[in-house]
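Right, one structure below, let's go through it.
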Amino acid sequence: MFPLIKRNDLIEEDDPKNGPSDALMMKRLVRMIQVEDGLDLKLKMVNVKPVSHTFTHQKWHITLLEGQLPATSDLSYFPGKWVQPANFDRLTFSKVQDKMWTAYQKRAGD
């Protein structure tokens with residue numbers, strides 16, 4: 001799973017006050033992943049409401065994205081373990097991760 005990325009990290013100085021469009025934000029995110037991770041990632045928004053989670057000191061609103069990588073992508077640098085979704089029920093997720101997975105499973109229009 002790739003890290004959460006703050007929307008503010010994708011906003012540029014000359015953007016309008018109400019922020020850039022979602023499409024532009026996606027382009028910037030793909031570019032950032034290409035530069036930082038060397039991955040040719042194809043992203044699309046998941047057709048669900050953003051997931052909200054409140055910590056004691058902050059509230060997150062998480063937009064879920066789905067990505068595809070070419071089969072030849074080198075992920076050997078990734079320190080974690082890749083797990084198939086069919087095996088997720090054997091894992092313990094934090095509450096916020098569980099909310100994201102539950103929302104993803106309820107996606108529509110895919």
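The values are calculated or read from the model by the stated rules, or taken from the named source; none is laboratory data. None of the values given here were measured: they were computed from a predicted structure. Backbone-built Cβ (ideal geometry, glycine too); neighbour counts: all protein chains shown.
Some points to look at:
- Every residue from the range 55-79 that is part of a strand (DSSP E or B) and either surrounded by 10 or more Cβ atoms within 10 Å (Cβ to Cβ) or at pLDDT below 90 (or both): Trp60, His61, Ile62, Leu65, Glu66, Gly67, Gln68
- Checking each residue in the range 1-32 for being assigned to a helix (DSSP H, G or I) and in contact with a strand residue (DSSP E or B) (Cβ under 8 Å, 6 or more places away or on another chain) picks out Asp22, Met26, Leu29, Val30.
- Of all residues in the range 42-54, those satisfying the criterion of being of a type in the set (Val, Ile, Thr) and part of a loop (DSSP other than H, G, I, E, B) are Val46, Val48.
- Only residues that are over 13 Å from Leu4 (Cβ atoms), at pLDDT 90 or above and of a type in the set (S, T, N, Q) were counted across the range 80-104, and they come to 3.
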